[in-house]
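Right, one structure below, let's go through it.
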Amino acid sequence: MALAGHGDEIGFIVRDLTDDGFVRLSRIGGSDKTVTRGQHVTIHTGDGPVNGVVGQTAIHLRDPDDEDVAEISEQYVDVGAEDGDEVADMVDRGDPVTFSQEIRTLANGRLSARGMDNRIGIWAAAEGLRRAAERGTDATVYAVSTVQEEVGLQGAKMVGFDVAPDAALAIDVTHATDAPESPGKRSNGVALGGGPVVSRGSANHPVVVDALRDVGETAAIDVQLQATGTRTGTDADAFYTSREGIPSVNVGLPNRYMHTPVEVIDPDDLDDLADLVAGFAADADAYAPFSVEV
(Lines give C-alpha, C1' and ligand atoms only; values in the text may rest on other atoms or scores of the structure.)
Protein backbone atom coordinates (compact mmCIF):
# COMPACT_ATOMS: atom_id res chain seq x y z
CA MET A 1 0.00 0.00 0.00
CA ALA A 2 1.09 3.60 -0.53
CA LEU A 3 0.82 6.65 1.74
CA ALA A 4 1.30 9.70 -0.47
CA GLY A 5 1.64 13.40 0.29
CA HIS A 6 2.57 15.82 -2.46
CA GLY A 7 5.41 18.32 -2.34
CA ASP A 8 3.98 21.23 -4.29
CA GLU A 9 3.91 24.69 -2.84
CA ILE A 10 1.76 27.38 -4.39
CA GLY A 11 3.96 30.13 -5.79
CA PHE A 12 4.99 32.01 -8.88
CA ILE A 13 7.58 31.98 -11.62
CA VAL A 14 9.56 34.83 -13.17
CA ARG A 15 7.88 35.51 -16.51
CA ASP A 16 9.73 38.59 -17.69
CA LEU A 17 12.09 41.39 -16.67
CA THR A 18 11.33 45.03 -17.41
CA ASP A 19 13.69 47.67 -18.76
CA ASP A 20 13.26 49.69 -15.55
CA GLY A 21 14.37 46.82 -13.30
CA PHE A 22 11.19 45.05 -12.18
CA VAL A 23 10.14 41.39 -12.34
CA ARG A 24 6.91 40.21 -13.95
CA LEU A 25 5.18 37.06 -12.66
CA SER A 26 3.17 34.06 -13.78
CA ARG A 27 1.28 31.55 -11.64
CA ILE A 28 2.42 28.13 -10.55
CA GLY A 29 -0.66 26.18 -9.52
CA GLY A 30 -3.57 27.88 -7.76
CA SER A 31 -1.93 31.13 -6.63
CA ASP A 32 -4.40 33.66 -5.23
CA LYS A 33 -4.11 37.14 -6.73
CA THR A 34 -5.91 38.72 -3.76
CA VAL A 35 -3.13 37.95 -1.26
CA THR A 36 0.02 38.67 -3.25
CA ARG A 37 0.35 42.44 -3.26
CA GLY A 38 2.38 44.00 -0.45
CA GLN A 39 4.06 40.68 0.38
CA HIS A 40 7.73 39.89 0.88
CA VAL A 41 8.94 37.22 -1.56
CA THR A 42 12.08 35.23 -2.30
CA ILE A 43 13.25 34.55 -5.84
CA HIS A 44 15.17 31.28 -5.92
CA THR A 45 17.97 31.81 -8.46
CA GLY A 46 20.87 29.64 -9.52
CA ASP A 47 23.18 31.95 -7.56
CA GLY A 48 21.09 31.91 -4.39
CA PRO A 49 17.99 33.64 -3.01
CA VAL A 50 17.06 37.18 -4.02
CA ASN A 51 14.75 39.17 -1.78
CA GLY A 52 11.92 41.24 -3.21
CA VAL A 53 8.47 42.65 -2.57
CA VAL A 54 5.30 42.50 -4.64
CA GLY A 55 4.50 46.13 -5.33
CA GLN A 56 1.39 47.65 -3.81
CA THR A 57 0.52 51.27 -4.59
CA ALA A 58 -0.04 53.34 -1.45
CA ILE A 59 -3.68 53.82 -0.50
CA HIS A 60 -3.21 57.60 -0.80
CA LEU A 61 -2.38 57.26 -4.50
CA ARG A 62 -4.98 54.71 -5.56
CA ASP A 63 -8.29 55.63 -7.20
CA PRO A 64 -10.91 55.01 -4.47
CA ASP A 65 -13.41 54.04 -7.14
CA ASP A 66 -11.15 51.34 -8.55
CA GLU A 67 -10.30 48.65 -6.02
CA ASP A 68 -10.17 45.77 -8.47
CA VAL A 69 -7.32 43.34 -7.80
CA ALA A 70 -4.87 43.06 -10.66
CA GLU A 71 -4.18 39.66 -12.16
CA ILE A 72 -0.88 38.10 -11.10
CA SER A 73 0.39 38.56 -14.66
CA GLU A 74 -0.06 42.32 -14.15
CA GLN A 75 1.65 42.43 -10.74
CA TYR A 76 5.39 42.88 -10.32
CA VAL A 77 8.25 42.26 -7.90
CA ASP A 78 10.63 45.02 -6.84
CA VAL A 79 14.09 43.63 -6.01
CA GLY A 80 15.68 47.06 -5.65
CA ALA A 81 17.34 47.03 -9.08
CA GLU A 82 17.90 50.36 -10.82
CA ASP A 83 17.44 49.16 -14.41
CA GLY A 84 16.91 46.17 -16.67
CA ASP A 85 20.59 45.28 -16.89
CA GLU A 86 20.92 45.07 -13.11
CA VAL A 87 17.81 42.94 -12.63
CA ALA A 88 18.98 40.62 -15.45
CA ASP A 89 22.21 40.04 -13.54
CA MET A 90 20.20 39.05 -10.46
CA VAL A 91 17.42 36.77 -11.74
CA ASP A 92 16.47 34.71 -14.80
CA ARG A 93 13.18 34.01 -16.48
CA GLY A 94 11.82 30.78 -15.05
CA ASP A 95 13.17 31.28 -11.52
CA PRO A 96 10.59 30.20 -8.90
CA VAL A 97 9.19 32.76 -6.45
CA THR A 98 7.74 32.04 -2.99
CA PHE A 99 6.31 34.09 -0.14
CA SER A 100 8.79 34.91 2.62
CA GLN A 101 6.96 33.92 5.78
CA GLU A 102 7.83 32.34 9.11
CA ILE A 103 5.79 29.78 10.99
CA ARG A 104 3.77 31.28 13.85
CA THR A 105 2.22 29.67 16.90
CA LEU A 106 -1.34 30.79 17.65
CA ALA A 107 -3.53 30.17 20.67
CA ASN A 108 -4.16 26.53 21.65
CA GLY A 109 -0.95 25.48 19.91
CA ARG A 110 -2.37 26.01 16.43
CA LEU A 111 0.15 26.80 13.71
CA SER A 112 0.13 29.28 10.84
CA ALA A 113 2.52 29.27 7.88
CA ARG A 114 2.69 29.25 4.12
CA GLY A 115 2.82 25.90 2.38
CA MET A 116 1.03 23.82 4.99
CA ASP A 117 -0.54 22.57 1.77
CA ASN A 118 1.02 20.11 1.45
CA ARG A 119 4.10 19.86 3.59
CA ILE A 120 1.84 18.30 6.20
CA GLY A 121 1.02 15.49 3.77
CA ILE A 122 4.69 14.60 3.38
CA TRP A 123 5.17 14.64 7.17
CA ALA A 124 2.07 12.54 7.81
CA ALA A 125 3.11 9.94 5.22
CA ALA A 126 6.64 9.67 6.64
CA GLU A 127 5.49 9.66 10.27
CA GLY A 128 2.68 7.23 9.46
CA LEU A 129 5.28 4.88 7.97
CA ARG A 130 7.45 5.16 11.09
CA ARG A 131 4.53 4.46 13.41
CA ALA A 132 3.37 1.55 11.25
CA ALA A 133 6.85 0.04 11.44
CA GLU A 134 6.80 0.38 15.24
CA ARG A 135 3.59 -1.67 15.29
CA GLY A 136 5.18 -4.48 13.31
CA THR A 137 2.80 -4.33 10.34
CA ASP A 138 3.02 -7.21 7.88
CA ALA A 139 1.99 -5.09 4.90
CA THR A 140 4.57 -3.59 2.56
CA VAL A 141 4.13 0.16 2.99
CA TYR A 142 5.51 2.91 0.76
CA ALA A 143 5.64 6.52 1.98
CA VAL A 144 5.83 8.68 -1.13
CA SER A 145 6.21 12.40 -1.80
CA THR A 146 4.68 13.24 -5.18
CA VAL A 147 5.22 16.33 -7.33
CA GLN A 148 3.09 18.58 -9.53
CA GLU A 149 -0.26 17.76 -7.97
CA GLU A 150 -1.41 21.31 -8.66
CA VAL A 151 -0.59 21.12 -12.36
CA GLY A 152 -2.14 17.83 -13.42
CA LEU A 153 -1.47 15.15 -10.77
CA GLN A 154 1.67 14.24 -12.69
CA GLY A 155 3.61 12.71 -9.78
CA ALA A 156 0.67 10.59 -8.66
CA LYS A 157 0.28 9.20 -12.17
CA MET A 158 3.89 8.08 -12.13
CA VAL A 159 3.77 6.66 -8.60
CA GLY A 160 0.51 4.80 -9.16
CA PHE A 161 1.92 3.14 -12.26
CA ASP A 162 5.36 2.38 -10.82
CA VAL A 163 4.45 1.20 -7.31
CA ALA A 164 1.09 -0.39 -8.28
CA PRO A 165 -0.04 -0.69 -4.64
CA ASP A 166 -3.02 -2.72 -3.45
CA ALA A 167 -4.40 0.47 -1.88
CA ALA A 168 -3.38 4.11 -1.79
CA LEU A 169 -4.06 6.90 0.71
CA ALA A 170 -3.63 10.37 -0.79
CA ILE A 171 -2.81 12.61 2.18
CA ASP A 172 -3.58 16.28 1.69
CA VAL A 173 -5.15 19.28 3.35
CA THR A 174 -8.84 20.03 3.02
CA HIS A 175 -10.85 23.18 3.65
CA ALA A 176 -11.93 23.85 7.22
CA THR A 177 -15.03 25.93 6.61
CA ASP A 178 -15.51 27.05 10.23
CA ALA A 179 -14.03 30.55 9.71
CA PRO A 180 -16.42 33.55 9.59
CA GLU A 181 -16.09 34.35 5.87
CA SER A 182 -16.48 30.81 4.54
CA PRO A 183 -19.46 30.90 2.15
CA GLY A 184 -22.38 28.81 3.32
CA LYS A 185 -22.93 27.26 -0.10
CA ARG A 186 -19.37 25.86 0.03
CA SER A 187 -19.57 24.62 3.62
CA ASN A 188 -18.40 21.02 4.05
CA GLY A 189 -18.88 20.53 7.80
CA VAL A 190 -15.12 20.24 8.41
CA ALA A 191 -13.81 22.05 11.49
CA LEU A 192 -10.31 22.80 12.71
CA GLY A 193 -9.50 20.54 15.66
CA GLY A 194 -12.20 18.04 14.68
CA GLY A 195 -9.78 15.35 13.55
CA PRO A 196 -8.55 14.00 10.21
CA VAL A 197 -10.99 13.92 7.31
CA VAL A 198 -11.95 10.89 5.22
CA SER A 199 -13.53 11.64 1.85
CA ARG A 200 -16.51 9.73 0.47
CA GLY A 201 -17.64 9.57 -3.16
CA SER A 202 -16.04 9.36 -6.62
CA ALA A 203 -12.36 8.43 -6.24
CA ASN A 204 -12.74 7.07 -2.71
CA HIS A 205 -13.04 3.29 -2.52
CA PRO A 206 -15.84 2.30 -0.08
CA VAL A 207 -13.91 -0.60 1.48
CA VAL A 208 -10.91 1.63 2.20
CA VAL A 209 -13.24 4.33 3.56
CA ASP A 210 -14.87 1.81 5.92
CA ALA A 211 -11.45 0.51 6.98
CA LEU A 212 -10.28 4.00 7.93
CA ARG A 213 -13.47 4.62 9.88
CA ASP A 214 -13.04 1.32 11.72
CA VAL A 215 -9.43 2.16 12.57
CA GLY A 216 -10.48 5.58 13.86
CA GLU A 217 -13.20 4.12 16.04
CA THR A 218 -10.92 1.44 17.47
CA ALA A 219 -8.14 3.93 18.23
CA ALA A 220 -10.53 6.60 19.59
CA ILE A 221 -9.52 9.01 16.81
CA ASP A 222 -12.24 11.47 15.84
CA VAL A 223 -12.73 11.16 12.08
CA GLN A 224 -14.61 13.76 10.06
CA LEU A 225 -16.32 12.87 6.78
CA GLN A 226 -16.34 14.95 3.62
CA ALA A 227 -18.43 14.48 0.49
CA THR A 228 -16.44 14.63 -2.75
CA GLY A 229 -18.76 14.01 -5.65
CA THR A 230 -17.11 14.25 -9.05
CA ARG A 231 -13.49 14.55 -7.95
CA THR A 232 -11.42 15.08 -4.80
CA GLY A 233 -8.99 17.62 -6.27
CA THR A 234 -6.09 15.54 -4.89
CA ASP A 235 -3.71 12.78 -5.95
CA ALA A 236 -6.48 10.27 -5.24
CA ASP A 237 -8.00 11.26 -8.59
CA ALA A 238 -4.94 9.86 -10.35
CA PHE A 239 -4.34 6.85 -8.11
CA TYR A 240 -7.77 5.32 -8.52
CA THR A 241 -7.48 5.27 -12.32
CA SER A 242 -3.88 3.97 -12.43
CA ARG A 243 -3.14 0.48 -13.75
CA GLU A 244 -6.38 -1.51 -13.62
CA GLY A 245 -7.68 0.78 -10.86
CA ILE A 246 -6.17 1.21 -7.39
CA PRO A 247 -8.48 1.30 -4.33
CA SER A 248 -7.79 4.82 -3.08
CA VAL A 249 -8.99 7.38 -0.57
CA ASN A 250 -8.24 11.03 0.00
CA VAL A 251 -7.41 11.58 3.69
CA GLY A 252 -7.33 15.23 4.64
CA LEU A 253 -6.14 17.60 7.34
CA PRO A 254 -8.44 20.54 8.19
CA ASN A 255 -6.80 23.75 6.94
CA ARG A 256 -8.05 27.31 7.17
CA TYR A 257 -7.14 29.94 4.52
CA MET A 258 -5.77 27.48 1.94
CA HIS A 259 -3.49 28.87 -0.79
CA THR A 260 -2.64 31.96 1.26
CA PRO A 261 0.57 32.76 3.19
CA VAL A 262 -1.27 32.29 6.52
CA GLU A 263 -2.71 28.77 6.37
CA VAL A 264 -3.74 27.53 9.83
CA ILE A 265 -3.76 23.93 11.08
CA ASP A 266 -4.20 22.21 14.44
CA PRO A 267 -1.23 19.94 15.29
CA ASP A 268 -3.56 17.62 17.22
CA ASP A 269 -5.35 16.91 13.93
CA LEU A 270 -1.97 16.25 12.31
CA ASP A 271 -0.87 13.84 15.05
CA ASP A 272 -4.17 11.97 14.76
CA LEU A 273 -3.76 11.84 10.98
CA ALA A 274 -0.40 10.08 11.31
CA ASP A 275 -1.93 7.64 13.80
CA LEU A 276 -4.88 6.98 11.49
CA VAL A 277 -2.78 6.10 8.45
CA ALA A 278 -0.40 4.03 10.60
CA GLY A 279 -3.33 2.10 12.04
CA PHE A 280 -4.69 1.47 8.58
CA ALA A 281 -1.31 0.15 7.43
CA ALA A 282 -1.06 -2.12 10.48
CA ASP A 283 -4.55 -3.57 9.86
CA ALA A 284 -4.43 -3.58 6.05
CA ASP A 285 -4.32 -7.38 5.74
CA ALA A 286 -7.70 -7.61 7.44
CA TYR A 287 -9.31 -5.62 4.61
CA ALA A 288 -7.34 -6.84 1.60
CA PRO A 289 -7.96 -7.38 -1.28
CA PHE A 290 -10.27 -4.33 -0.92
CA SER A 291 -12.92 -5.80 -3.23
CA VAL A 292 -16.57 -4.82 -3.29
CA GLU A 293 -19.26 -7.45 -3.31
CA VAL A 294 -22.00 -6.78 -5.87
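The values are calculated or read from the model by the stated rules, or taken from the named source; none is laboratory data. Note that this is a predicted model, so its numbers are computed, not measured. Heads up, the Cβs are rebuilt from the backbone with ideal geometry, glycines too, and the neighbour counts pull from every protein chain shown.
Free of Cβ contacts under 8 Å to residues at least 40 places away in the same chain and loosely packed, with under 14 Cβ neighbours inside 10 Å: does that describe Gly152? Taking the combined requirement at face value, the residue satisfies it. Going by the conditions given, is Gly5 at positive phi and either in a loop (DSSP other than H, G, I, E, B) or surrounded by 15 or more Cβ atoms within 10 Å (Cβ to Cβ) (or both)? For Gly5, the condition - at positive phi and either in a loop (DSSP other than H, G, I, E, B) or surrounded by 15 or more Cβ atoms within 10 Å (Cβ to Cβ) (or both) - is not met. Which residues, counting only those in the range 228-247, are surrounded by fewer than 23 Cβ atoms within 10 Å (Cβ to Cβ) and in contact with a Lys or Arg (Cβ under 6 Å, 6 or more places away or on another chain)? Across the range 228-247, the qualifying residue is only Asp237. The combined condition, being out of contact with any strand residue (DSSP E or B) (no Cβ under 7 Å at 6 or more places or on another chain), surrounded by 14 or more Cβ atoms within 10 Å (Cβ to Cβ), of a type outside the set (Val, Ile, Thr) and part of a helix (DSSP H, G or I), is fulfilled by Ala132. Please go through the range 248-273 and pick out each residue that is surrounded by fewer than 24 Cβ atoms within 10 Å (Cβ to Cβ), under 16 Å from Ala126 (Cα atoms) and touching a helix residue (DSSP H, G or I) at 6+ places or on another chain (Cβ under 7 Å). Hits for the range 248-273 are Pro267, Leu270. Every residue in the range 32-45 that is under 21 Å from the mean Cα position of the chain (by Cα) and of a type in the set (Ser, Thr, Tyr), please. Result: Thr34, Thr36, Thr42.
Rundown of residues vs (1) more than 30 Å from Phe161 (Cα to Cα); (2) outside the structural domain of Ile122 (by TED's automatic domain parsing); (3) small (Gly, Ala, Ser); (4) assigned to a loop (DSSP other than H, G, I, E, B), yes/no style:
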{"residue": "Asp16", "(1), (2), (3), (4)": "yes, yes, no, no"}
{"residue": "Arg24", "(1), (2), (3), (4)": "yes, yes, no, no"}
{"residue": "Gly30", "(1), (2), (3), (4)": "no, yes, yes, yes"}
{"residue": "Ile43", "(1), (2), (3), (4)": "yes, yes, no, no"}
{"residue": "His60", "(1), (2), (3), (4)": "yes, yes, no, yes"}
{"residue": "Asp63", "(1), (2), (3), (4)": "yes, yes, no, yes"}
{"residue": "Ala70", "(1), (2), (3), (4)": "yes, yes, yes, yes"}
{"residue": "Asp85", "(1), (2), (3), (4)": "yes, yes, no, no"}
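Kindly indicate whether any position in the range 193-205 is buried (at least 16 other Cβ atoms within 10 Å of the Cβ), more than 21 Å from Met258 (Cα to Cα) and among the hydrophobic types (A, V, I, L, M, F, W, C). Checked the range 193-205: at least one residue is buried (at least 16 other Cβ atoms within 10 Å of the Cβ), more than 21 Å from Met258 (Cα to Cα) and among the hydrophobic types (A, V, I, L, M, F, W, C). Residues in the range 134-162 that are closer than 17 Å to Arg231 by Cβ and among the charged types (D, E, K, R) were compared, and the one that is modelled with the highest pLDDT is Lys157. One residue is enough: does the range 222-231 have a residue meeting the conditions among the small types (Gly, Ala, Ser) and over 24 Å from the mean Cα position of the chain (by Cα)? No; the residues of the range 222-231 include none that is among the small types (Gly, Ala, Ser) and over 24 Å from the mean Cα position of the chain (by Cα). When the range 129-155 is filtered for residues that are more than 17 Å from the chain's Cα centre (by Cα) and of a type outside the set (Ser, Thr, Tyr), the ones remaining, listed by number, are Leu129, Arg130, Arg131, Ala132, Ala133, Glu134, Arg135, Gly136, Asp138, Ala139, Val141. May I ask you to list the residues in the range 105-129 that are modelled with pLDDT of 95 or more and not in a helix (DSSP H, G or I)? Scanning the range 105-129 gives Thr105, Leu106, Arg110, Leu111, Ser112. Residues in the range 156-187 that are within 19 Å of Gly121 (Cα to Cα), assigned to a helix (DSSP H, G or I) and of a type in the set (A, V, I, L, M, F, W, C): Ala156, Met158, Val159, Val163. Quick check on the range 1-31: of everything there that is within 19 Å of the chain's Cα centre (by Cα) and farther than 30 Å from Glu127 by Cα, which residue is modelled with the lowest pLDDT? Among those residues, the one meeting the criterion is Arg27. Out of Ala236, Ala274, Ala219, Ala278, one residue alone is touching a strand residue (DSSP E or B) at 6+ places or on another chain (Cβ under 7 Å), of a type in the set (A, V, I, L, M) and touching a residue at least 40 places away in the same chain (Cβ under 8 Å). It is Ala236.
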